[in-house]
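Structure record follows, encoded as structure tokens.
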Amino acid sequence: MLGKLFTGHTARTADLAARELALLAQVERGDREAFAQLYRAYFPRLARFLDRMTRNPATIEEIINDTMLVVWQRPEGFDHSCRLSTWIFGIAYRKALKALSRTDDPVDSDADTLAADAALQPEVVFSMHQLQDRVARALDALPAAQRTVVNLACYHEMGYEEIASIMGCPVNTVKTRMFNARARLRTLLGSELEIRG
């Protein structure tokens, strides 16, 4: 994963996008099963995105439910000017910003736990945990807008145009945020990671 850090390329297939659009068309006709399939398809992706954005597990499911409620109630709001995932992630992003503005809870910066492979030596597992913790803390130290750009580019493999659409800002703003995030991460992480620009 570190080798492709900050590449921002998209790996989604046209077949998957077509299936999602077909499900949305069924949702427009009130098909609950199609909505359930769409919900199940997006829940894990949105959960990862929102966890990295909010660092508040207590609000993630609520934000996802609010997001998908918009999809259920207003599927015609998708105007086909972008990918369906861009539209849904954009809704989730705006819902998360509202949730963050309403909460006074401190941000949880605990790193996700690694699944320790039994074949790994304890020193390697410990080292991986330490590195993961440093990366998580470095990401948490970024301003929310920069953290979101890194999150969408690295963990969801979205390009700058798609990120700009989600965040409601120009592509050059996304590029600037990524540039500044890289610089800050280089400072925070030093020589531990090879971050390619």
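Mind sorting Arg55, Arg45 by how few other Cβ atoms lie within 10 Å of their own Cβ, fewest first? Please report the intermediate quantities before stating the final value.
On the way: Arg55 20, Arg45 16.
With the fewest neighbours first, Arg55, Arg45 line up as Arg45, Arg55.
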| What ³J(HN,Hα) values, in whole Hz, does the Karplus curve 6.51 cos²θ - 1.76 cosθ + 1.60 give for segment 155-164 when θ = phi - 60°, with x put for Gly and Pro? | 9, 10, 6, 9, x, 4, 5, 5, 4, 4
| For segment 130-140, 3J(HN,Hα) per residue [Karplus equation, 6.51 cos²θ - 1.76 cosθ + 1.60, θ = phi - 60°, Hz, x = Gly/Pro] | 4, 5, 4, 5, 5, 5, 4, 5, 5, 5, 5
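What is the gain in length, in nm to one decimal, between Asp133 and Thr176 on full extension, counting 0.36 nm per residue of separation less the C-alpha to C-alpha distance?
Gain on extension, Asp133 to Thr176, equals 12.9 nm.
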| remark: For segment 40-56, Karplus-derived ³J(HN,Hα) couplings (6.51, -1.76, 1.60; θ = phi - 60°; whole Hz; x for glycine and proline) come out as 5, 5, 8, 3, x, 5, 5, 4, 4, 4, 6, 4, 6, 7, 9, 6, 9
| task | Among Val70, Val174, Val150, rank each residue by its count of other Cβ atoms within 10 Å, from fewest to most, as a rough exposure measure. | result | Val70, Val150, Val174
| Going by how many other Cβ atoms sit within 10 Å of their own, how do Cys154, Cys82 line up, fewest first? | Cys82, Cys154
| field | Cβ-based net charge around Val71, under 12 Å, with every Lys or Arg adding one and every Asp or Glu removing one | value | -2
| query | So what's the gap between the Cα centers of segment 156-179 and segment 76-94, to the nearest angstrom? | reply | 14 Å
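We did not get these values from a lab; they are worked out from the coordinates using the rules stated. Just so we're clear, the structure is a prediction, and the values are computed from it rather than from any experiment. Cβ: placed from backbone, ideal geometry, glycine included. Neighbour counts: every protein chain shown.
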